[in-house]
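Let me begin by presenting the structure, written as structure tokens, before commenting on it.
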Amino acid sequence: MNVPLRHTTASLGLAVVDCDIHPAYRSPADLHPFLPARWREHMTTFGEHLRQGLSGQLAWPRMMASGMRLDAFPDQGPPGSDLDLMRTQHLDANGVEYGMLMQLSRGGMEERNLEFAAALSHAVNEWQLETFVKPEPRLRAGIVVPQEDAAFAVTEIEHRADDPRFVQILISPRSSDPLGHRRYWPIYEAAQRCNRPIALHVQGFSGGHASTASGWPTYYMQEHYAASSGMQNTLTSLVFEGVFERFPGLKVVLIEGGFAWAPALCWRMDKHWERMRKETPHLKRAPSEYVRAHCWFTTQPIEEPEKPAHLADIIGWIGWDRLMFSTDYPHWDFDHPQQVFKFPLTEEQKAQVFRGNAKALYGLT
Amino acid sequence: MKVPYAGAIDCDIHPAMPSAAALLPYLDDYWRDQLVNRHIDRYSFILTSYPPGSPLSARPDWRQAGGAPGGDLADIRRQALDPFGSRLAICNMLHGAVALFNEDMAAALCSAVNDWVAKELLDREPRLRASILVPAHNPALAVKEIERMAGDTRFVQVLLLAMGEMLLGRRIYWPIYAAAETHRLAIGIHAGSSYHHAPTPSGWPAHRVEDYIAQSTAFESQLLSFLAEGVFHKFPGLKLVLIESGVTWLPTLLWRTSKTWRGVRPEVPWIDRPPTDIVRDHVRLTLQPVDAPKNDAEVLLRTLEHIGSDRMLLFSSDYPHWHFDGEDVLPNGFPGDAVRRLLIDNALDTYPRLREEVGGGNNKETKQEAVP
């Protein structure tokens, strides 16, 4: 994966919308211009206050170079921090027509001091705009919100509501409560009002709970998949709490959590909902129908069956109109648009997955 | 659809739990005093995962006025054994002892449950087999219980809970697997939670149905734990049975895991072949609840093809839990050429004790010949 590519996607004529690109700071000081003095000083003195035992590093070290493509390191700063390199190496080389920025760390999503979380989120959104989106019109920002305080989150969403460069609202599925809980509903109400999808991207930091129902995994191999198990739990919560019934205009994008599990989860939800439906009478339709109507999935890290065509069964069950291509640039498990599918797609399927579905969802022309 | 012929082996039934008072004769003086003086003998020890009134917990026609479903041996015969023509059925007792924090009390109650099962169920009905209930959160006590029960070959498996204290692949639990391998016992992980952790990595769902759906993700985590920690490498004779886990989540988990493994091999060098192959050799899943669409046989067939093996599924009714009606314990469209493996062969391959002559029980009169 670190061998220089001989052919560029652009030269092969495939334009893509990449629904998962990770920008990065050169250093935390990059945020200082966007923070009030009080929080600048707080950040310098105390830093983030998260729910994990290690400061400034992840508890499951990644497999290579902190989880980055070795060829994605610029001369200075971490991968994703140099817009010029991102352009030449990814946006130009892979024919990226639009790229969705996914800001993960220091977003305020998991910060325990909620006022600091609000200030951080606001600063990160300003920083995305100034550093990436204004200079590079192919990129789109996501509104980072301090999700554990819905009032602060709604303020930030409303602040960005009239700016079309912010196309969605970023929320961590590693939340403090399952995301269907009522305490998060004001966020969904605001999302529906300003017509932005909720983007759930898997996260390395916990909202306060172990990664599995039996505690913490030992190896990164396990934690890597725990994100997908957790995404299933999050989707279950959104469905059974009646979020889609309450907010019929809400759209949710599930990012980097895998997608092949979705049909089996829907069958499982339908089966047990049918038996237990007296417990959730607020649901008016089968769980799978809410997922079909309200959810989109991104491709990376794409599942790879022994027989590649089996994946076509899965996508058929999900719906070809609900899958959106993503690379996860500049992370080590990047999926390349030319190699992501190991079975032949029709022209129509290609057009949907690589471009059309994302353009329709985000209102891009 | 119905079971097409007699002789099936039902790998998951749930006789009703004995009351704590009924366990008193099986406890020593100290624990009898503890239970009586502290009124513990009045508690139900029902796991939160299976509330008695919930539709999932028992089929309406298997409920009876005044008694717990599966609480009477005559009912078990009439409802769980005869209708499906089962030659054998494995009793999995989901007793709340395993959710106690006091490890010694948990161990004493597990022992009492096992002895009660031997005397009240196995001695009286030769078609019944059982799993050994153990206090998994104290592996030393768990091993002691396995050793104590191992001589009774009607016990064919060690029973663990899907959502417990720690992920079960961890080395602290390995003495349990060593004992199981030595005594030709399978390891069975059954759905259910001690609720020592939140059922999801984002906390506590509001509804019971969400908890039940989350069982399949707990099984995913356990399976990955067994793989990543190298349990099957260390114990090549071990069989792991996922009970009441659902089955349709399995293939896509394996696709993803075998892909990830290619990227993370240096972290787990003891995994020396694709995880999919390891799982096909060592892991079995019980049938009910079948989480495929009820009226779409094509989906089931495709999913079975995705699993890529006809040796992994074990027949189960999950009696008295309510997953199907009438005698239609098999999903519609289950391929005929795989039925015999599902009903009989796979269980015999998973539980070597089912092929052995029964021995070690207390009641000599009910001894029977080994299953051919």
Considering only chain A, percent of DSSP beta bridges that pair antiparallel, nearest 5: 10 percent
For the range B:202-218, 3J(HN,Hα) per residue [Karplus equation, 6.51 cos²θ - 1.76 cosθ + 1.60, θ = phi - 60°, Hz, x = Gly/Pro]: 10, x, 9, x, 6, 10, 4, 5, 5, 4, 5, 5, 5, 4, 5, 6, 5
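Placing +1 at every Lys and Arg Cβ and -1 at every Asp and Glu Cβ, with all other atoms neutral, what dipole size does the range B:1-48 have around its Cα centre, in debye to the nearest 20?
That gives the range B:1-48 a dipole magnitude of about 200 debye.
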Ranked order, A:His224, B:His190 - accessible area, probe 1.4 Å, largest first: A:His224, B:His190
Highest to lowest packing among A:354-361, A:48-55, A:66-73, A:116-123, scored as the average C-beta count within 10 Å: A:116-123, A:354-361, A:66-73, A:48-55
Cα centre as origin, Lys/Arg/Asp/Glu Cβ charges: the protein assembly as shown dipole, Debye: 420 debye
Candidate residues A:Ser206, B:Ser309, B:Ser44: accessible-area rank, largest first, probe 1.4 Å: B:Ser44, B:Ser309, A:Ser206
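Go through B:80-88, A:294-302 and give me the packing order, highest mean Cβ count within 10 Å leading.
Top of the packing list down: A:294-302, B:80-88.
List the relative contact order of the range B:188-308 as a percent without decimals, with contacts defined as Cα pairs under 8 Å and 6+ residues apart.
Rounded, it is 30 percent for the range B:188-308.
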Per-residue SASA entry for B:Asp325, accessible area with 1.4 Å probe, Å² rounded to 10: 80 Å²
Gyration tensor (alpha-carbon) shape descriptor, chain B, a/c threshold 1.5: rounded
Estimated Rh, the range A:113-243: Kirkwood, alpha-carbon pairs, angstrom: 15.6 Å
Inter-part distance where the range A:154-175 and the range A:311-352 are each reduced to a Cα centre, Å: 26 Å
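Which helices count as membrane-span-like in chain A under these terms: full DSSP H, at least 18 Å along the axis by C-alpha, Kyte-Doolittle mean of 0.0 or more?
A:114-128
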Per residue solvent-accessible surface (Å²) - the range B:136-278, probe of 1.4 Å: 27 Å²
For residues of A:174-182, the mean tally of beta carbons on other chains within 10 Å: 5
Share of carbon and sulfur in the accessible heavy-atom surface of chain A [1.4 Å probe, %]: 52 percent
Cut-off 14 Å between beta-carbons: net charge of the residues surrounding A:Leu85, Lys and Arg +1, Asp and Glu -1: -3
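Is the shape of the range A:16-66 rounded, prolate or oblate, going by the alpha carbon gyration tensor and its root eigenvalues a ≥ b ≥ c, with a/c under 1.5 for rounded and a/b larger than b/c for prolate? Before the final figure, lay out each step's value.
Numbers: a/c = 2.61, a/b = 1.28, b/c = 2.04.
Verdict is oblate for the range A:16-66.
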Chain A: calculated mean residue ellipticity at 222 nm from DSSP helix runs of at least 4, using -39500 (n - 2.57): -9000 deg cm²/dmol
Considering only chain B, percent of DSSP beta bridges that pair antiparallel, nearest 5: 10 percent
Gyration tensor verdict on the range A:230-280 (Cα atoms; rounded if a/c is under 1.5, prolate if a/b is larger than b/c, oblate otherwise): oblate
Residue-averaged [θ]222 nm for chain B, counting only DSSP H segments that reach four residues, each worth -39500 (n - 2.57): -9000 deg cm²/dmol
Largest-first ordering by accessible area, 1.4 Å probe, given options A:Glu279, A:Glu41: A:Glu41, A:Glu279
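Of all DSSP beta bridges located in the protein assembly as shown, what percent are antiparallel, nearest 5?
Close to 10 percent.
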Averaged over A:54-63, number of beta-carbon atoms from partner chains that fall within 10 Å: 1
Residues of the range A:192-210 buried by at least 50 Å² on assembly (accessible area, 1.4 Å probe, chain alone as reference): A:His209
A:Arg38 accessible area, assembled protein chains, probe 1.4 Å, Å²: 130 Å²
Around B:Asn138: net Lys/Arg minus Asp/Glu count, Cβ-Cβ under 11 Å: -3
Peptide A:275-281, shielding by other chains (average Cβ, 10 Å cutoff): 5
Whichever lysines have a C-alpha closer than 28 Å to that of A:Lys359, once near sequence neighbours (fewer than 8 apart) are set aside: A:Lys134, A:Lys251, A:Lys342, A:Lys350
Relative contact order for chain A, counting Cα pairs under 8 Å that sit 6 or more residues apart, in percent: 19 percent
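In Å², what does the accessible area per residue of the range A:42-108 work out to with a 1.4 Å probe?
That works out to 48 Å² for each residue.
The values are calculated or read from the model by the stated rules, or taken from the named source; none is laboratory data. Owing to the predicted nature of the structure, the values given are computational and were not obtained by experimental measurement. So basically every Cβ, Gly included, is an ideal-geometry build from the backbone, and we count neighbours across all protein chains shown. Protein only, heavy atoms only, side chains kept; ligands, DNA and RNA dropped before computing areas. Shrake-Rupley method; radii C 1.70, N 1.55, O 1.52, S 1.80 Å.
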